[in-house]
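First up is the structure itself, then whatever we jot down about it.
Any read-out appearing in this document is the output of simple, stated calculations on the displayed coordinates, not a laboratory observation. If you're wondering where the values come from, they're calculated on a predicted model, not measured in any experiment. Note that each Cβ is placed from the backbone with ideal geometry, even for glycine, and that neighbours are counted across all protein chains shown.
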Amino acid sequence: MKRLPVITVSLLLLFAICAGVTEFHAQTAPPPAKKVSAIQVLMIQSEEVKLPAEFQVSLYENLIQQLQKQGGFEHVYRDGDHSATGDVVILHSTVRGFKKGSEMARQVTTVSGKTSIDVHCQFTDKDGTTVLEHDLNGKVRFLGGNLRATLDFAKKAAKLARENFAVKSGS
């Protein structure tokens with residue numbers, strides 16, 4: 001019986017701390033990003049990680065393809081395209097981690113052979129000011145080729161871009 005007031009006070013104190021932390025996180029949320037009609041995708045960088053050429057090309061091409069398919073942008077420009085003017089956001093991607101799995105191991109057992117790619121995405125405006133940074137990963141755990149991890153990353157990056165920058169809602 002003597003423990004009941006101590007437990008009650010402890011729970012109230014814990015509740016107050018949680019409410020304060022939630023309020024703090026709400027205050028530090030980043031401002032909503034500006035909506036734009038176009039995105040320019042720069043080549044995927046991988047200085048820190050030794051990435052096979054087929055993965056680097058597949059990352060870039062799948063990213064372009066997914067942004068065109070579901071990104072909600074009127075224009076998707078490639079690296080070096082000088083017609084990228086006006087209302088545009090620029091996507092810089094840097095590979096931070098890579099683990100090439102085994103397609104055969106995935107076919108034999110579902111608990112090994114995972115392929116994963118970790119990519120840091122930085123969205124900037126035309127002036128080079130960072131408007132959003134986010135770490136994304138692509139992985140293939142069960143069935144499919146190793147390059148399927150690049151498609152997984154591309155879908156996540158296109159969704160992130162659409163939710164934060166696209167004028168059109170996209171599907």
Using a basic spin-label model with each label point 7 Å from the Cα along Cα→Cβ, how many nm lie between residue 74 and residue 126? 1.3 nm
Extended-chain gain in nm, criterion 0.36 nm per residue less alpha-carbon gap, residue 167 and residue 137: 8.3 nm
For residue 168, list the aspartates and glutamates whose Cα falls under 16 Å from its own Cα; do not include residues on the same chain fewer than 8 positions away. 74, 87
Which far-off residues, 5 or more places away or on another chain, put their amide H under 5 Å from the one on residue 43, with H placed in the peptide plane? 79
Aspartates and glutamates with Cα under 17 Å of residue 69, excluding same-chain neighbours fewer than 8 positions away: 61, 152, 163
Label model pair residue 45, residue 159: point-to-point distance (7 angstrom along the Cα→beta-carbon line) in nm is 2.7 nm
